[in-house]
Amino acid sequence: AQKVTQAQTEISVVEKEDVTLDCVYETRDTTYYLFWYKQPPSGELVFLIRRNSFDEQNEISGRYSWNFQKSTSSFNFTITASQVVDSAVYFCALSLETSGSRLTFGEGTQLTVNP
Amino acid sequence: AAGVIQSPRHLIKEKRETATLKCYPIPRHDTVYWYQQGPGQDPQFLISFYEKMQSDKGSIPDRFSAQQFSDYHSELNMSSLELGDSALYFCASSWDRWGGDGYTFGSGTRLTVV
């Protein structure tokens, strides 16, 4: 069985602040994949990143960065210099090779960036 | 670039009616997934297909059925609709079974049961 926990239900910041969204996962599998998705108010799910369990390199893409630490089973997401357009619900998700590649989502974090 | 197409975008049905949701994956994507997202909740996996065969099944009610056709499009059939079926239904596709390109999601079908 697998589980994803996003303990932060809601986060509110002021524009240009940095913000980190936490994600903790549980699995006994050694091969797994971690994802982050953004869901803006319009409702679509936008893919941000995919990481496999053997690649612990941190990733930076523009203002976004991800910190993957297997030792703490965490895959945290940081937005630098946040903007109002970053306001959305962010989901962390996990898939296992042994479970047919279905995505198990965390509960999501509602991020509000105020001007 | 082509995306995952879902139709209809919005659907209003009465209790006990039937609904059919359609999904057209990205060309050359052979894996399709269906998810249900209730209000304020995270998406829940329903069912998936790989090369037109059911590959995995999640928390899909017996009142629901789905299939993938020869052209790889998929349909989710929902019968005896209940108020609790009101949700956003997403279809996603990928070119491999492990989301190598991140499982591209469609814009979703918002089903309202009244």
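Values quoted throughout were computed directly from the atomic coordinates according to the rules given, and no laboratory measurement underlies them. Keep in mind the model is a prediction, meaning the values are calculated, not measured. Reconstructed Cβ throughout: ideal geometry from the backbone, glycine too, with neighbour counts over all protein chains shown.
Annotations for the structure displayed:
- Residue within segment B:7-15 that is assigned to a loop (DSSP other than H, G, I, E, B), of a type in the set (Lys, Arg) and surrounded by fewer than 22 Cβ atoms within 10 Å (Cβ to Cβ) present: yes
- Criterion violated by A:Leu103 - all others in (1) within 18 Å of A:Gln2 (Cα to Cα); (2) touching a strand residue (DSSP E or B) at 6+ places or on another chain (Cβ under 9 Å); (3) more than 9 Å from every other protein chain (Cβ to nearest Cβ) satisfied: (3)
- For segment A:12-32, filtered to residues that are within 13 Å of chain B (Cβ to nearest Cβ) and in contact with a Leu (Cβ under 7 Å, 6 or more places away or on another chain), the residue that is nearest to B:Gln37 (Cα to Cα) is A:Tyr32.
- All positions within segment A:1-32 that are within 16 Å of the chain's Cα centre (by Cα) and among the hydrophobic types (A, V, I, L, M, F, W, C): A:Val4, A:Ala7, A:Ile11, A:Val19, A:Leu21, A:Cys23, A:Val24
- Scoring B:Thr112 on the criteria (1) more than 10 Å from chain A (Cβ to nearest Cβ); (2) of a type outside the set (Asp, Glu); (3) part of a loop (DSSP other than H, G, I, E, B) leaves a single failure, condition (3).
- Scanning segment B:22-34 for residues being in a strand (DSSP E or B) and more than 9 Å from chain A (Cβ to nearest Cβ) gives a total of 5.
- Candidates in segment A:33-74 are the residues that are under 25 Å from B:Gln6 (Cβ atoms) and polar (S, T, N, Q); of these, the one that is nearest to the chain's Cα centre (by Cα) is A:Gln39.
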